[in-house]
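A.B. asks: Here it is, the structure in full.
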Amino acid sequence: MLYGRTPFRGKNRQKTFANILHKDLTFPSSISVSLAARQLINALLQRDPVSRLGSNTGASEIKGHPFFRGINWPLIRRMSPPPLDVPLEFIGKDPDAKEVRWEDDGVLVNAMDMGVF
């Protein structure tokens, strides 16, 4: 989310998997990101599960990372997220599309989009 792409993306699925297993994590110098953010990403992407941030004490370990310093976690837990509006460009394009859903990767998907794939 900070860089606009995944760190191990390859030209195809097989290359992506190979990159995950063997490629070192690098950060583009063209985008300025705080040291704490880079350290958080690095800690979350450790190949060794035992060394990965959160593997010892769970979410509390992640919440305690300096990147999240100043976050009031109990307040966030009590808050309701704002409603997400369907982008206007998708409204009315497919009269049969009754359901619009967000995929895990944050991509808006409706019946019209699924026909493309």
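What follows draws every value from the coordinates through simple rules; no lab data is involved. Small disclaimer: the values here were computed from a predicted structure and weren't measured. All Cβ positions, glycine included, derive from the backbone under ideal geometry; neighbour counts span all protein chains shown.
A.B. asks: On full extension of the chain, what length is gained from Ser30 through Leu44, given 0.36 nm per residue of separation minus the C-alpha to C-alpha distance? Before the final figure, lay out the partial values.
C.D. replies: Numbers: separation 14, 0.36 × 14 = 5.04 nm, distance 2.19 nm.
Length gained, Ser30 through Leu44: 2.8 nm.
A.B. asks: I would also like to ask the following. So for Val50, Val33, fewest C-beta neighbours within 10 Å to most, what's the order?
C.D. replies: Listing Val50, Val33 from fewest to most nearby Cβ atoms yields Val50, Val33.
A.B. asks: Compute the FRET efficiency between Lys23 and Asn72 as 1/(1 + (r/R0)^6), taking r as their Cβ-Cβ distance and R0 = 25 Å, and round to the nearest 0.05. Kindly include the intermediate steps, with their values, before the conclusion.
C.D. replies: Values: r = 37 Å, r/R0 = 1.47.
Approximately 0.10, to the nearest 0.05.
A.B. asks: Another one. Looking at the square roots a ≥ b ≥ c of the eigenvalues of the Cα gyration tensor of segment 13-78, which shape do they give, rounded for a/c under 1.5, prolate if a/b is larger than b/c, or oblate? Spell out each step's value before the answer.
C.D. replies: Working: a/c = 2.50, a/b = 1.53, b/c = 1.63.
Cα axes put segment 13-78 in the oblate bin.
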